[in-house]
Amino acid sequence: MKFCGYLPELNKKGVKMFNNAHRLSWLSSLVTAAFLGLMTLLSGCGGGGATAGNVTPDPLVVSPSAAVAYHGNPVTLYITGGTKPYTVTSGNSALINVPNSVSGSTVIFDASNVAADTDAILTVLDAKGVTAISTITVKPSVINNTLAVTPDPASPGTGCGTAVCSGLMATVSVQLQNMATPLVGRNVRFDVVQGDFQFITNPGATTFADTITTTTDQNGNANVRLRANVNAPTQYAILKVTDVDGGSVLQTTFTIAQYTDGTGILSVVPPTQTIQAYYKGDCSSGVSVDYIIHGGTAPYTVQSTSTGVATVSPGTVLTNGAGFTATTHSSFCPGTATIDIRDATGKVIQATLENKEGTNTVTVTPPVTIAFFTTAPATIVIANPGSATFTVGGGTPPYYASSSDTANVTASIVGNSLTISRTGVVIGETVSVTDSAGATKSITVN
């Protein structure tokens, strides 16, 4: 500030020197430069320059600050702030072994397997001694490296080899163990990650989904089935398996191979069958016959166009060379059922089953008839009081009995047994016995 107070005086001298014509040109140039420099100093007076000092770095942060790890599934930590270079140490190097020095800003590690949840602390140290930590919880990795995709059938056609042929099936299996102990009843989810395939969700292989959940059996195995999409091109596909109860994950890659051999020669053997009943007016019911499908592209759907004549089972035939069964019904007699067979590419052929009426006449032999009778004589004598029992039969049951004097004589029939009872004085009272057709027998009671 004191220096700037002299600037007006110096400025006047500078102008005077500048206007002095008898000075040498080099001295004039020197003075001019001095003048301009002083003017620059003048313009800076009253201001203050920045004072250089230490720059405070951003706080040291490691993220995530807490994470879950499974053996076989690497975890990445990200370091920001602080002062590079960084070093990392593990509080449990047997569980998590990390490199001591970090070349960049990330740390990637894989934890060892454990039988139960175990924590380990990773400490990040920067160049100035500042620390940050991340707490890692290592959980049991129960999905072992037994995830397998097995084509079903294993070799369905030329060119597929160990790949899953387009339009065909495969079995996916995985085993869950905790330190060699099978986990029974564990929930396991299978997901499509990439590729033209879906999981089969019903026994008939007619419904499909991108995800399916099942449980492990007594050996810790979980099995599902998948189908490659019809006409899917050759490709790599990826599926993922997740232990729903524990969280561990495993992925695998398999190959889908395009397979179209035989699409022009779809056939069924035999193409038609006939079942004939014996009697006229009758058709068979519950009689079964078999058909075999060849060629085309599996799987095949099978459907009867007239279920009143015949039904088919199963509705889906999974492999080339397998078959289905048609069973007759007599709801429509006679009749012919057309059976549509459609392969995975949409090609359709038909088979037929005729349920034919018989040709023989039914001979009906009339039953032997016995005339209505009773073992009671036309006139009987019964003591007073007293009763007598007789048999009735033939004719048309059931039978009925009545008395002309119920005060002194009663009659009853149970099944084929007739009982006549006397309870008073009688003089030729009549008991009538009748069958359901109206035939009557009369008995006089004395």
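In this structure, Ala94 and Thr211 have a Cβ-Cβ separation that, at R0 = 41 Å, corresponds to a calculated FRET efficiency of about 0.65. For Lys84, a cut-off of 15 angstrom between C-alpha atoms picks up these aspartates and glutamates, skipping any fewer than 8 places away in its own chain: Asp58, Asp126. Each residue in Cys165, Cys283 was given a count of other beta-carbon atoms within 10 angstrom of its own, and listing them fewest first yields Cys283, Cys165.
The convex hull around the C-alpha trace of the stretch 267-356, projected and averaged over every direction, spans 4.8 square nanometres.
Under 1.5 on a/c is rounded, so check that first for the stretch 373-445, then, if it is not, pick prolate when a/b is larger than b/c and oblate when it is not; a ≥ b ≥ c are the square roots of the alpha carbon gyration tensor eigenvalues. In terms of gyration-tensor shape, prolate.
Ordered by the number of other Cβ atoms lying within 10 Å of each residue's own Cβ, fewest first, His329, His294, His71 fall into the sequence His294, His71, His329.
Taking all Cα pairs closer than 8 Å and separated by 6 or more residues, the relative contact order of the stretch 319-446 comes to 20 percent. Contact order, relative form, for the stretch 148-257: 32 percent (alpha carbon pairs under 8 Å, 6 or more residues apart, mean separation divided by residue count). How big is the shadow of the Cα convex hull of the stretch 61-139, averaged over all directions, in nm²? Result: 4.4 nm². Rounded to the nearest 20, the Cβ-based charge dipole of the stretch 267-356 about its Cα centre (Lys and Arg +1, Asp and Glu -1) stands at 80 debye. The Rg/Rh ratio for the stretch 204-248 is 1.01, where Rg is the radius of gyration of the alpha carbons and Rh is the Kirkwood radius.
Every number here is computed from the coordinates shown, using simple stated rules; none is lab data. A quick note: this is a predicted structure, and the numbers were derived from the prediction, not measured. Using ideal geometry, Cβ is built from the backbone for each residue, glycine included, and neighbour counts are taken over all protein chains shown.
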